[in-house]
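Note sheet for the following structure.
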Amino acid sequence: MKIAIFVTTLKNTGPVVVMRNLCAELIKKANISVDVFYFDESSENIFPTGVPTRRISLRTQIDFDNYDVVHTNMIRPDLYMLRWLICWRRA
């Protein structure tokens, strides 16, 4: 199973810490592949080593067919998903 997680930043903030802990448990106990996408430039990365992280913008298009589960956390990732959902339905 492959999961995509969208967060605003990689910094040590409350909602991001929750996602980090979730990633660590999924990788350790369930051997699930997790990719993290973030919006704000950051020199800090609190996610476990080996978890791929990729900086994106609201215009970056991602192939969601590669993922079994897509999870957003906070408003900007939600808006990103809404934008691409609307574009996908129009096509």
Positions within region 46-56 being modelled with pLDDT of 90 or more, part of a loop (DSSP other than H, G, I, E, B) and either open to solvent by less than 50 Å² (accessible area, probe 1.4 Å) or in contact with a Phe, Trp or Tyr (Cβ under 9 Å, 6 or more places away or on another chain) (or both), in sequence order:
46, 47, 51, 56
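So which residues in region 71-80 are touching a strand residue (DSSP E or B) at 6+ places or on another chain (Cβ under 6 Å) and loosely packed, with under 15 Cβ neighbours inside 10 Å?
To start, the set of residues in region 71-80 that are touching a strand residue (DSSP E or B) at 6+ places or on another chain (Cβ under 6 Å) comprises 71-73, 77-78.
Passing the criteria: only 78.
The rows are residues; the columns are (1) more than 10 Å from the chain's Cα centre (by Cα); (2) polar (S, T, N, Q); (3) surrounded by fewer than 15 Cβ atoms within 10 Å (Cβ to Cβ); (4) not in a loop (DSSP other than H, G, I, E, B).
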site	(1), (2), (3), (4)
3	no, no, no, yes
6	no, no, no, yes
12	yes, yes, yes, no
17	yes, no, yes, yes
21	yes, yes, yes, yes
24	yes, no, yes, yes
29	yes, no, yes, yes
40	yes, no, yes, no
Of the residues in region 15-42, those that are polar (S, T, N, Q) and either under 19 Å from residue 74 (Cβ atoms) or out of contact with any strand residue (DSSP E or B) (no Cβ under 6 Å at 6 or more places or on another chain) (or both) come to 21, 31, 42
Condition met for residue 59 (open to solvent by 80 Å² or more (accessible area, probe 1.4 Å) and either closer than 15 Å to residue 19 by Cβ or assigned to a loop (DSSP other than H, G, I, E, B) (or both)):
yes
Given the conditions (1) assigned to a loop (DSSP other than H, G, I, E, B); (2) open to solvent by 70 Å² or more (accessible area, probe 1.4 Å), and given that residue 65 satisfies all but one, which numbered condition is not satisfied?
(1)
Return the pair list, or none, for Cβ contacts closer than 7 Å from residues in region 4-25 that are on the phi < 0 side of the Ramachandran plot and at pLDDT 90 or above to residues that are in a helix (DSSP H, G or I) and open to solvent by 70 Å² or more (accessible area, probe 1.4 Å), at least 6 apart or on different chains.
8/76
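The values are calculated or read from the model by the stated rules, or taken from the named source; none is laboratory data. These numbers were taken from a predicted model, which means no experiment stands behind them. Here the Cβ is made from the backbone with ideal geometry for all residues, glycine too, and neighbour counts use every protein chain on show. Only protein heavy atoms, including side chains, enter the accessible area calculation; ligands, DNA and RNA are left aside. Shrake-Rupley method; radii C 1.70, N 1.55, O 1.52, S 1.80 Å.
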